[in-house]
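Participant: Once you've had a glance at the structure underneath, I'll fire off some questions.
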Amino acid sequence: MRKVMLMLCLVAGVLAADDRAEILEGVKVINAKQGTLPGSVLCVKEEAFPLVAGNADGALMPVASAARYGRGKIVAVGHPSFYSADSLKLADTEKFVRNALQWLGGGQIGIYSYNEAISGISSLDGLAVKTVNTIDEIKDCQVLVVYPDSMKNVDELEVLRQFILDGGGVLTSGIGWGWKQITNKNLQTENYFNKLFGPAGLLVDDSFVNRPNSEGYPVAAELPEELNVAKALAFAKDLDAKLKLVNKTLTTARTVMADDGSDLAKDFDALIARGNRGAPSMNSPWRTADLVKRLAAIDFTKNWQANPLGEYKAHPGARNYPGMPPKDSPRVAEKIVTIDLTVPRWHSTGLFAVAGEPLTVTIPEGMQGLRLRIGTTTCNNTRHDHWERMPKVDMEIPLVQRTTTVTSPFGGLVYIVVPQEKAAPKTPAGSTMDGKIDVTFENACAAVWFVVGRDSLDDWRRMLAECPAPRGEIESDKVILSVKKEDLLEIKDKDPNELMKVWATVADLDATLTDIPLDRKSPERFCMDDQLCAGYMHAGYPIMLPTHTAKQLLDAEWLRTKGDWGFFHEIGHNHQNYDWTFDGTGEVTVNFFTLYVMEKMCGIAPRQGRMTIKQGEDMVKRWKEKGQTYDQWKSDPFLALEMFVRLQVAYGWEPFEKMFKEYRTLSDDERPKNDNQKRDQWVIRFSRFTNANIASVFDAWKVPISEDARKACANYPAAAESIFVGL
């Protein structure tokens, strides 16, 4: 039997190699249009094989894969825009698509529920393409182009499955991370791509697959066998798996594979059974060699996320992060918190759900749309090659019943989440609370929760003395700081109002520069985490920071006089306007906010801080030695920033303020549609506000603009000579 299985595997391998060569003939690079971040398409079974791979946290992951399924065939990519009109013009993407369609069977091609493909594939010459309006019409097609996540129901999936099994070909896509982010549903059990193509050996997870270079995803002559889950698992069973690729392939796949009783699933279970229910920590992290422990942890997390209302004991990892209150700490039997439904996003409660203990939440009768969140971090570190804490510790669930009881294995600060206005919760009939409701919580631990304008210094000191939760918050209507209680104790003799005045100044300066109202719809949040999922720090909601930076985050005098580039940079990201941020400047224009706050609040002008004249001249010198190209310019954020710093030093902040305000007034027709228009509008508008020829500046710094833009700026006086020094 073993010999037969080995022979079948060899035959499948030879067939897959031939299929891959046919699909990729004449294809060197594929790409998706600018601004997209594709996900991975995992190959789980022998019949599935990777086509093209990219970079996912330092390891290869497939961004395009294929499979034979029954008598049919499937080709899938990790983003729906690969088949758009814009993407088909990039690199060899059109050739790839034509080859794929031919391999899938050619003939009549139908496009169903896939707008990107309708705009792209329908425009290709020489193909018989039609739009399919109902699922029943696919019987007239040899190949179907479809986006499963836009299909209507499971019944349609089964019709399409039979179409493939009977010999049809399918060109498709899935983007696991985007689907999960939008729906907040379970990829393993609810995602249509995985429901349909999982049995064929293709799955999407929540990984990002980055382009290895600016051209896109290059086609390799061969890809490692371990990109296939079945082969990676066979390798891991016989060896003490330390290879990053094996670890990456197996841990990623385990997060989305169905527990279907297959031989593959049984092999996984047998391997995981060798693990234990310990937990990583900052002092004792789990690395790639700890594969069995990591798979066991993923299994626990997967089961918990699939059944968040189950009863769970406290996980050993809860003590490491987010922490546990001291033994025998009192619990708050009942607390009523008023929630303002006109304020979107997270609402703090001053409560901490203790790991392994039930928390009961009661909302008004008839209330719809609210969510319960336990835990402040949003970082899922499953994809990291080492873990300093359990990779997933937070949870968020819809409150669909009037009373909900939930037991988190990790615990954390408790929040009520109000959706953005477009999905605002419905207020109970007859409410007289002016958009406010009362939510009741039972059985939680009191946490420090100081709110500016509500609490006094006596309240502050009392909270620090009496609240046992390991984490707490300081809140204003501009910014909220979520940190360890021990960090709050370090400033127990300080006035938190003074600290929040500083953060209010930072928030208001950012709002002023980008021209949004100072009165925010909801505050920005900062959260401390022992291990982040991306970067040293990163922007978003909340802004995520490493735990050891809490001292600076809470130091009003430090922030006001010295400033902090990292904090100001990340909150600046949340204020960037991408109408004036073009390719290569995402990490550049954000520092307008950093420099603006440094100067306006701290009194540190750009040339007095990180961007000194000498540093700028040295960067320009090195750039010239390398050939002085635009690609080099945009790959070095501080070199690119130097150009803008010279503009700011020459003309001050006023033209930036005026120009950014003008951008806010543009109609959709006036807004730039692509990078070429962004650069052109930048020089034309800035020239007008400075009364100087800024087109000549972009030319000198090798930033491409059109001839029309040059002509529009030609009548302005020459730009300041200091901008061109060293060029």
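Participant: Any idea which of 510, 495, 530 is open to solvent by less than 40 Å² (accessible area, probe 1.4 Å), acidic (Asp, Glu) and more than 30 Å from residue 578 (Cα to Cα)?
Facilitator: Just one listed residue meets the conditions, 530.
Participant: Let me ask something additional. What number of residues within segment 480-508 satisfy the criterion of being free of Cβ contacts under 8 Å to residues at least 40 places away in the same chain and part of a loop (DSSP other than H, G, I, E, B)?
Facilitator: So the answer is 3.
Participant: In addition: Listed residues 195, 185, 180; which is part of a loop (DSSP other than H, G, I, E, B), of a type outside the set (Asp, Glu) and touching a helix residue (DSSP H, G or I) at 6+ places or on another chain (Cβ under 9 Å)?
Facilitator: Testing whether each residue is part of a loop (DSSP other than H, G, I, E, B), of a type outside the set (Asp, Glu) and touching a helix residue (DSSP H, G or I) at 6+ places or on another chain (Cβ under 9 Å) leaves just 185.
Participant: Considering segment 690-701 alone, what residues qualify as being open to solvent by 20 Å² or more (accessible area, probe 1.4 Å) and part of a loop (DSSP other than H, G, I, E, B)?
Facilitator: Scanning segment 690-701 gives 691, 693.
Participant: Has segment 334-345 got any residue that is in a helix (DSSP H, G or I) and open to solvent by less than 60 Å² (accessible area, probe 1.4 Å)?
Facilitator: Looking through segment 334-345, none of the residues is in a helix (DSSP H, G or I) and open to solvent by less than 60 Å² (accessible area, probe 1.4 Å).
Participant: Is it the case, given these coordinates, that residue 37 is in a loop (DSSP other than H, G, I, E, B), open to solvent by 30 Å² or more (accessible area, probe 1.4 Å) and either touching a His at 6+ places or on another chain (Cβ under 8 Å) or closer than 13 Å to residue 170 by Cα (or both)?
Facilitator: So residue 37 fits the description; yes.
Participant: Here is a follow-up. Can you pull out the residues in segment 399-420 that are more than 24 Å from residue 470 (Cα to Cα), within 27 Å of the chain's Cα centre (by Cα) and part of a loop (DSSP other than H, G, I, E, B)?
Facilitator: Those that are more than 24 Å from residue 470 (Cα to Cα), within 27 Å of the chain's Cα centre (by Cα) and part of a loop (DSSP other than H, G, I, E, B): 399, 400, 419, 420.
Participant: Only residues that are modelled with pLDDT under 80 and open to solvent by 50 Å² or more (accessible area, probe 1.4 Å): list them for segment 274-296, please.
Facilitator: 274, 276, 277
Participant: Within segment 661-681, can one find any residue that is under 24 Å from residue 634 (Cβ atoms) and over 32 Å from the mean Cα position of the chain (by Cα)?
Facilitator: Within segment 661-681 (the criterion being under 24 Å from residue 634 (Cβ atoms) and over 32 Å from the mean Cα position of the chain (by Cα)), the answer is no, since none of the residues qualifies.
Participant: Suppose we filter segment 622-631 for residues that are open to solvent by less than 90 Å² (accessible area, probe 1.4 Å) and more than 15 Å from residue 724 (Cα to Cα); how many remain?
Facilitator: So the answer is 3.
Participant: Taking only pairs six or more apart or across chains, which ones have beta-carbon atoms under 9 Å, a first residue in segment 321-345 that is within 16 Å of residue 485 (Cβ to Cβ), and a second residue that is among the hydroxyl-bearing types (Ser, Thr, Tyr)?
Facilitator: Between residues of segment 321-345 that are within 16 Å of residue 485 (Cβ to Cβ) and residues that are among the hydroxyl-bearing types (Ser, Thr, Tyr), the close pairs are 321/281; 321/377; 321/547; 322/376; 322/377.
Participant: Tally up the residues in segment 149-158 that are part of a helix (DSSP H, G or I) and exposed (fewer than 15 other Cβ atoms within 10 Å of the Cβ), please.
Facilitator: Matching residues across segment 149-158 total 4.
Participant: Looking at (1) more than 30 Å from residue 675 (Cα to Cα); (2) without any contact (Cβ under 8 Å) to a residue 60 or more places away in the chain; (3) open to solvent by less than 20 Å² (accessible area, probe 1.4 Å), find the lone condition where residue 560 falls short.
Facilitator: (3)
Participant: May I pose another question? Residue under question is residue 604, and the condition is that it be of a type outside the set (Gly, Ala, Ser) and either modelled with pLDDT under 95 or part of a loop (DSSP other than H, G, I, E, B) (or both); does it hold?
Facilitator: Here the answer is yes, as residue 604 does meet what is asked.
Participant: Scan 241, 236 and give me the residue that is small (Gly, Ala, Ser), in a helix (DSSP H, G or I), modelled with pLDDT under 95 and surrounded by 16 or more Cβ atoms within 10 Å (Cβ to Cβ).
Facilitator: Answer to the selection: 236.
Residue-by-condition table, conditions (1) open to solvent by less than 20 Å² (accessible area, probe 1.4 Å); (2) modelled with pLDDT of 95 or more; (3) in contact with a helix residue (DSSP H, G or I) (Cβ under 7 Å, 6 or more places away or on another chain); (4) part of a helix (DSSP H, G or I):
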| residue | (1), (2), (3), (4) |
| --- | --- |
| 633 | yes, yes, yes, yes |
| 638 | no, yes, yes, yes |
| 642 | yes, yes, yes, yes |
| 645 | yes, yes, yes, yes |
| 659 | yes, yes, yes, yes |
| 666 | no, yes, no, no |
| 680 | no, yes, yes, yes |
| 683 | yes, yes, yes, yes |
| 688 | no, yes, no, yes |
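Participant: While we're looking at this one, here's another question. Any residue in segment 525-538 that is outside any loop (DSSP other than H, G, I, E, B) sitting within a Cβ distance under 6 Å of a residue that is modelled with pLDDT under 90 and surrounded by fewer than 18 Cβ atoms within 10 Å (Cβ to Cβ)? List the pairs, counting only those 6 or more apart or interchain.
Facilitator: Close Cβ pairs (under 6 Å, with a partner that is modelled with pLDDT under 90 and surrounded by fewer than 18 Cβ atoms within 10 Å (Cβ to Cβ)) do not exist here.
Participant: Continuing with this model, one more query. Taking segment 453-479, which residues are farther than 23 Å from residue 324 by Cβ and either of a type outside the set (Asp, Glu) or not in a helix (DSSP H, G or I) (or both)?
Facilitator: Of everything in segment 453-479, those that are farther than 23 Å from residue 324 by Cβ and either of a type outside the set (Asp, Glu) or not in a helix (DSSP H, G or I) (or both) turn out to be 453, 454, 455, 456, 457, 460, 461, 475, 476, 477, 478, 479.
Participant: Pairs, please: C-beta under 6 Å, at least 6 apart or cross-chain, first residue closer than 30 Å to residue 617 by Cβ and in segment 645-670, second charged (D, E, K, R) and part of a helix (DSSP H, G or I)?
Facilitator: Listed pairs, sorted by first residue: 659/685.
Participant: Here is a further query. What residue, among those in segment 291-318 that are in contact (Cβ under 8 Å) with a residue 40 or more places away in the chain and part of a loop (DSSP other than H, G, I, E, B), is nearest to residue 405 (Cα to Cα)?
Facilitator: Checked segment 291-318; the qualifying residue nearest to residue 405 (Cα to Cα) is 309.
Participant: May I pose another question? Starting from residues that are open to solvent by 10 Å² or more (accessible area, probe 1.4 Å) and in a loop (DSSP other than H, G, I, E, B), keep the ones in segment 702-712 and report whichever is nearest to residue 639 (Cα to Cα).
Facilitator: 702
Participant: Being open to solvent by 30 Å² or more (accessible area, probe 1.4 Å), of a type in the set (A, V, I, L, M), under 21 Å from residue 418 (Cβ atoms) and in contact with an Asp or Glu (Cβ under 9 Å, 6 or more places away or on another chain) narrows it down to one of 452, 479, so name that one.
Facilitator: 452
Participant: In addition: Please state which one of 223, 203, 250 is part of a loop (DSSP other than H, G, I, E, B), in contact with a Leu (Cβ under 9 Å, 6 or more places away or on another chain) and either more than 30 Å from residue 633 (Cβ to Cβ) or of a type outside the set (S, T, N, Q) (or both).
Facilitator: 223
Participant: Here are some residues: 468, 496. Which one is at pLDDT 95 or above, over 22 Å from residue 565 (Cβ atoms) and in contact with a Cys (Cβ under 7 Å, 6 or more places away or on another chain)?
Facilitator: Result: 468 is the single residue among 468, 496 that is at pLDDT 95 or above, over 22 Å from residue 565 (Cβ atoms) and in contact with a Cys (Cβ under 7 Å, 6 or more places away or on another chain).
Participant: Now, a different point. Tell me the strands (runs of 3 or more DSSP E) entirely within segment 63-148 that contain at least 3 residues that are open to solvent by less than 10 Å² (accessible area, probe 1.4 Å).
Facilitator: The strands (runs of 3 or more DSSP E) meeting that bar are 72-77, 108-112, 143-146.
The rows are residues; the columns are (1) more than 19 Å from residue 565 (Cβ to Cβ); (2) part of a helix (DSSP H, G or I); (3) open to solvent by 30 Å² or more (accessible area, probe 1.4 Å); (4) polar (S, T, N, Q).
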site	(1), (2), (3), (4)
611	no, no, no, no
614	no, yes, yes, no
617	yes, yes, yes, no
620	yes, yes, no, no
671	yes, no, yes, no
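Participant: A further question follows. Taking the options 219, 246, name whichever one is over 30 Å from residue 323 (Cβ atoms), modelled with pLDDT under 85 and crowded, with 20+ Cβ neighbours inside 10 Å.
Facilitator: Only one candidate passes the filter, namely 246.
The values are calculated or read from the model by the stated rules, or taken from the named source; none is laboratory data. Note that the coordinates shown come from a computational prediction; the quantities given were computed from them, not determined experimentally. Note that each Cβ is placed from the backbone with ideal geometry, even for glycine, and that neighbours are counted across all protein chains shown. Keep in mind that these areas ignore ligands, DNA and RNA; they rest on the heavy atoms of the full protein, side chains included. Shrake-Rupley method; radii C 1.70, N 1.55, O 1.52, S 1.80 Å.
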